[in-house]
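Trainee: Before I ask anything, let me first share the structure, which is written out below as structure tokens.
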Amino acid sequence: MQGKAALLAYLKKLLRQNPQWVWTQREAIPMEDGFVNKWLAGIPVGDKTVECIGVCLVQFDAQGKIRRNEVYFDPTRLLSEIERHNQAKQRQG
């Protein structure tokens with residue numbers, strides 16, 4: 001994805017579909033041309049909230065605009081809870 005408009009459209013759609021998500025920055029670690037952003041996300045799935053820890057590698061261009069933002073996290077617990085929730089819904093009818 002490139003450009004402010006594309007990023008804004010993506011984030012609006014993502015957050016509109018998931019208004020209960022809670023993101024908290026845990027730590028910012030300087031790196032060349034930017035920083036590592038360590039975060040914690042609380043993602044509701046049914047009646048539970050799954051906590052995911054991840055990092056973003058954020059780098060800026062000469063004008064101070066984001067030129068790169070790579071996001072990494074382990075989705076195992078989140079996907080497992082989504083599967084459990086979907087199976088429970090199917091059993092209920």
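The values are calculated or read from the model by the stated rules, or taken from the named source; none is laboratory data. Note that the structure is a prediction, hence the values are computed from the model and not measured. Neighbour counts are summed over all protein chains in view; Cβ atoms, including those assigned to glycine, are modelled from backbone coordinates with ideal geometry. Quick note on the areas: whole protein, heavy atoms, side chains included, nothing else; ligands and nucleic acids left out. Shrake-Rupley method; radii C 1.70, N 1.55, O 1.52, S 1.80 Å.
Trainee: Suppose the filter is more than 30 Å from Q90 (Cα to Cα) and either modelled with pLDDT under 95 or not aliphatic (A, V, I, L, M) (or both); does A62 pass it?
Mentor: So A62 fails the test.
Trainee: Take G46 and tell me if it is of a type in the set (G, A, S) and under 30 Å from K89 (Cα atoms).
Mentor: So G46 fits the description; yes.
Trainee: So in the stretch 40-93, with the set limited to residues that are open to solvent by less than 50 Å² (accessible area, probe 1.4 Å), among the aliphatic types (A, V, I, L, M) and part of a helix (DSSP H, G or I), which one is nearest to Q2 (Cα to Cα)?
Mentor: Out of the qualifying residues, it is L78.
Trainee: With the requirement that a residue be open to solvent by less than 80 Å² (accessible area, probe 1.4 Å), of a type outside the set (S, T, N, Q) and more than 12 Å from C56 (Cα to Cα), what does the stretch 18-32 give you?
Mentor: Scanning the stretch 18-32 gives a single hit, W21.
Trainee: Moving on to the next point. Mind checking whether some residue in the stretch 13-20 is closer than 23 Å to E81 by Cα, of a type outside the set (A, V, I, L, M) and in a strand (DSSP E or B)?
Mentor: No, the stretch 13-20 has no match at all.
Trainee: For I53, only one of the following conditions fails: (1) at pLDDT 95 or above; (2) within 18 Å of R67 (Cβ to Cβ). What is its number?
Mentor: (2)
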